[in-house]
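Taking it in order: structure first as structure tokens, then the write-up.
The values are calculated or read from the model by the stated rules, or taken from the named source; none is laboratory data. Fair warning: this is a prediction, and the values are worked out from it, not measured in the lab. Glycine gets a Cβ as well: all are built from the backbone with ideal geometry, and neighbour counts include every protein chain shown. Areas reflect the complete protein model, heavy atoms only, side chains present, ligands, DNA and RNA absent. Shrake-Rupley method; radii C 1.70, N 1.55, O 1.52, S 1.80 Å.
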Amino acid sequence: MTEPAAPGRNRALLRRFTRHRGAVAGAAVFLAIVAAVWLGPFLWRVDPAAIDILARNRGPAPAHPLGTDQLGRDMLARLLAGGRISVAVGLAAMALSLGLGGLVGLLAGWVRWLDGGLMRLTDLFLSLPLLPLLLVMVMLFRESLAAAFGPQTGIFLLIVFAIGITSWMPTARLVRAAVLEIRERDFILAAHAAGTAHVAMVTRHILPNVMSPVLVSATLGIANAIVTESALSFLGLGFPPDFPTWGRLLSDATVYLQTHPGRVIWPGAAISLTVLAINYTGDGLRDALDTRHRMTGPSRI
Amino acid sequence: MPARACPQSLCAVLLFLALAGGVPLTAQAGRGEDGILRILYWQAPSILNPYLSGGTKDIEAASLVLEPLARFDETGRIVPWLAETVPTQENGGINADRTRITWRLRDGLKWSDGSPVTAEDIRFTWRYCTAEGGGCAQAEKFAGVADVSVVDPRTVTVIFDAPRPYPYGPFVGAAAPILQKAQFTGCLGPRAPGCTEANFAPVGTGPFTVAEFRPNDVVRYLANPHYREPAKPAFGEAVLKGGGGAAAAARAVLETGEFDYAWNLQLAPDVLGAMAASGRGRLVSAFGTMVERIVINFTDPDPALGDARSTRAHPHPVLSDRRVRRALSMAIDRAILTEIGYGRAGRVTCNLVPAPEIYASDSNRACREQDLAGAAALLEKAGWTDSDGDGTRERNGRELRLTFQTSTNAVRQDFQAVIKQWWRTIGVETDLRNIDASVFFGSDPGSPDTFQKFFADVQMFAGTFDGTDPQAYLANWTCDEAPQPGNQWQGSNIGRWCDPEYDALVAEMAGTARIEERAALARRLNDMIVQDHAVLPLVDRGRVSAVAADLGGVRLNTWDSELWNIADWHRTGE
């Protein structure tokens, strides 16, 4: 009636996950990208903002493996620095939307009288047009945050917050549905009968069992946040213009699409690859975690 | 060879005769014979009445239809247009004390509906723009006009309320054309914006008439059947399409050939050069008075000040010191900026008034050379030292840190990045911001991000003036012109610089008639602003437009509408 012991369950999960080749490849690529943008700047010690007027628009060469941009800045260094910010925004915004979505979903599913109100709130947020809302937030809060935390940390917090606050709704719905399903199971009934307190009930029985939808929506959330940040930077509303992010690099390079296609291809490929890798990982996780899918899927045979 | 109709030599002679004596093979064939002319303005016109819009796009789109009495040619010279001659004191058109100027219309002028153009139309145009409650956008052109009196059906006299050293404001240039009295007679004052039909399709004297106008999208023109020159325009139809961006516009002419003419292409020179290499079109550029500049804020933009932010109540704590402003200017290498951003379409300038030549000051050449060491020494002398060794200077616990904003544009962001690097080498840290151009230049008093509010320490944009006389432009830097809450943040003295001596000299210039004295005053005014480093001029920007390879007759004009001589445009058959 109760779930299997944790170590054995994790091993089974890992086995099922590794059977999904795309997921393994995706996870490997994503980890490689995170490692590259995290450790890369320590290995490739070129200042991404250093302008060398004499070395403008250079092609790939040993000194600049990916060439230089229209101001002679090293593209590789910019790509790595940009990735750091884009990935950091993705992870942080994901954590925020996960926390928020998880909390709302859990409360709505577990506390019956909160359900209606919280779900209408979720509907309200879902119906808000995302981009205009972000634009208004950037306009209203940019200055006060920049004054409090400095322009770069301020805008980082703002963007993470903006993306987090506008992307928690799918997680909340998923979690609520999972909680509603689990609370009717027999082991919950048994736990109730054993006199388990509410908090322990949630942490011990509910949370471990809703991890599956949470993890999947987490992976998708990272991808979503990276794309949203890129869109904001592309519109010129994200980070300050001298602050490279993948979206900013892409936007700066669009006019050079024909003459220097590399400048569009590298950040574009980085965004696509990251998002693709995360999506594959999420796919594999879902297959590995979802019991119903396990029963009917090919892995059963 | 049975098909041969004539011996070889005879054929050659016949061909020669046909070429030499027969019809000319190209150009000036006749009205409408060259088909459709396609023009691309990446900012779309929203109205075709220049009196109700200050936007260049609207004024230029209207200039195919509406014409002034005189205008400026591509050299900045004033040339008669609907008038027979340009009145001067020598030909008796301007009276001795310069309070009256008399214009005489060409003979036989007709509106595009066939009715004659008369002096009444000219007088009416003045009444239209000065009517109470009309909100005329070109009102300053008619400032000081006491009356416009009709002498005879072809002659008017403009009477000023005081001696006017430069009387070529009213009815001169694309921004002050003649309207048809019959069409606009019910549209005076508050009723002006409501006359949609007239504002969207004015009857004019120009080479084209409006056939269809979709605001913020496209204008379709047809050749004016009553145009005064019988063989012009060469095109029977013109289409002026709006929208898109500068890069797409350049591509449409230079690479794909979808359009014949694209206007105002502020793109990096290597981008434009690569597009032009495909040979479908060519780039034309001309220099006028447009100067890309950095404006210094003389008031404190600290958000903590609330409503008193960026007002004269709080002088700027850092930039009020001339030595700091001078150091910022010295650290800039204008030649490199010009090369990166404009190529052949830009020139280094140290003046706010770079042209016409007589007004351009010669005493600011020092700014052409970058002097990083000198700039650093100057900051040191002003008390800004890097005491904690972090690369940024401090004084009394305040870091030398500036916010530098401009509109969103690839060239401007490149400029920001390069200037930030130079300023960093002299110990000034810069935070960059870019704001969407429609917000930045939007003049919306409710938005905190307009260039007039200037909630930053320094900002960069370009400025220019109409026509060739810089008096009104220089008057922009008088104390009263500062944008502030009291005037809904409207005003042209963006940096809120103020020098009573400057105001007195502007007043003196307004009362000076002799051109040499006026020029000397203009140069002195320019020097006062520039040498106080209230504004840091960077680049004298040429206008760049793209022209299809087979379009002839284009003479790019920076003093008037770019489409000023569209009647002469034609296909060259190449």
(request) Report the dimensions of the stretch B:296-393 along its three principal axes from the alpha-carbon atoms, largest first, rounded to Å. (result) 43, 36, 25
(message) Between the stretch B:206-261 and the stretch A:63-121, what is the separation of their alpha carbon centroids in Å?
(response) 47 Å
(message) Can you give me the long-range amide H partners of B:Leu37? Hydrogens built in the peptide plane at 1.01 Å from N, cutoff under 5 Å, separation of 5 or more residues or another chain.
(response) B:Glu237, B:Ala238, B:Val239
(message) Using amide H atoms built in the peptide plane, which far-off residues or other-chain residues are under 5 Å from B:Thr572 H to H?
(response) B:Leu551, B:Gly552
(request) Report, to two decimal places, the Cα Rg of the stretch B:132-195 normalised by 2.2 N^0.38 Å (N = number of residues). (result) 1.21
(message) I'd like to check one number: the per residue accessible area of the protein assembly as shown, probe 1.4 Å, reported in Å² as a whole number.
(response) 43 Å²
(request) Please identify the longest segment of chain A free of exposed trypsin sites (Lys or Arg not before Pro), where exposed means a DSSP state other than H, G, I, E or B and no more than 14 other Cβ atoms within 10 Å. (result) A:46-184
(message) Taking every pair of distinct Cα atoms and averaging 1/r, then inverting, what Kirkwood hydrodynamic radius in Å comes out for the stretch A:184-233?
(response) 13.2 Å
(message) On C-alpha positions alone, give me the angle between the axis of helix B:119-130 and the longest principal axis of chain B, in degrees, nearest 10.
(response) 30 degrees
(message) Over 5 Å intervals from 0, what percent of Cα-Cα pairs in the stretch A:67-218 sits in each interval?
(response) 2, 9, 14, 15, 15, 12, 11, 8, 6, 4, 3, 1, 1, 0, 0
(request) Calculate how steeply helix B:500-510 sits against the longest principal axis of the alpha-carbon atoms of chain B, using the helix alpha-carbon long axis, and give the answer as 0 to 90 degrees to the nearest 10. (result) 20 degrees
(request) Give the long-range amide H neighbours of B:Thr99: residues separated by 5 or more places, or on another chain, with amide H under 5 Å away, using H modelled in the peptide plane at 1.01 Å from N. (result) B:Arg164
(request) Provide the per-residue ³J(HN,Hα) series for the stretch A:243-250, in order, calculated from phi with Karplus coefficients 6.51, -1.76, 1.60 and θ = phi - 60°, each as a whole number of Hz, with x at glycine and proline positions. (result) 9, x, 10, 4, x, 5, 4, 5
(request) State, in square angstrom and to the nearest 100, the accessible area buried between chains B and A, both chains counted, probe radius 1.4 Å. (result) 2100 Å²
(message) Looking at the protein assembly as shown only, what percent of DSSP beta bridges run antiparallel? Nearest 5 please.
(response) 75 percent
(request) Would you work out if the stretch A:48-110 is rounded, prolate or oblate? Take a ≥ b ≥ c from the square roots of the eigenvalues of the alpha-carbon gyration tensor; rounded if a/c is under 1.5, else prolate when a/b is larger than b/c, oblate otherwise. (result) prolate
(request) Rounded to whole Hz and in sequence order, give me ³J(HN,Hα) for the stretch B:273-287 from the Karplus expression 6.51 cos²θ - 1.76 cosθ + 1.60, θ = phi - 60°, writing x for Gly and Pro. (result) x, 5, 5, 5, 5, 6, x, 6, x, 9, 9, 10, 9, 8, 9
(request) Pop out the carbon and sulfur fraction of the accessible area of the protein assembly as shown as a percent, whole number, probe 1.4 Å. (result) 59 percent
(message) Please give me, ordered by residue number, the chymotrypsin sites (Phe, Trp or Tyr not before Pro) of the stretch B:474-550 that lie in loop per DSSP and have at most 14 other Cβ atoms within 10 Å.
(response) none
(request) Identify all lysines with a Cα-Cα distance to B:Lys420 below 24 Å; exclude those on the same chain that are fewer than 8 residues away in sequence. (result) B:Lys381, B:Lys453
(request) Determine ³J(HN,Hα), in whole Hz, for all residues of the stretch B:398-403 in sequence, where each value follows from phi through the Karplus function 6.51 cos²θ - 1.76 cosθ + 1.60 and θ = phi - 60°; x replaces Gly and Pro. (result) 9, 6, 7, 10, 10, 9
(request) Rounded to whole Å and sorted largest first, list the principal axis extents of the Cα atoms in chain A. (result) 77, 48, 30
(request) Taking every Cα atom in the protein assembly as shown, find the radius of gyration and the maximum pairwise distance Dmax, and write them in Å. (result) 33.6, 119
(message) Could you tell me how many cubic angstrom of Cα convex hull volume chain B has per residue?
(response) 185 Å³
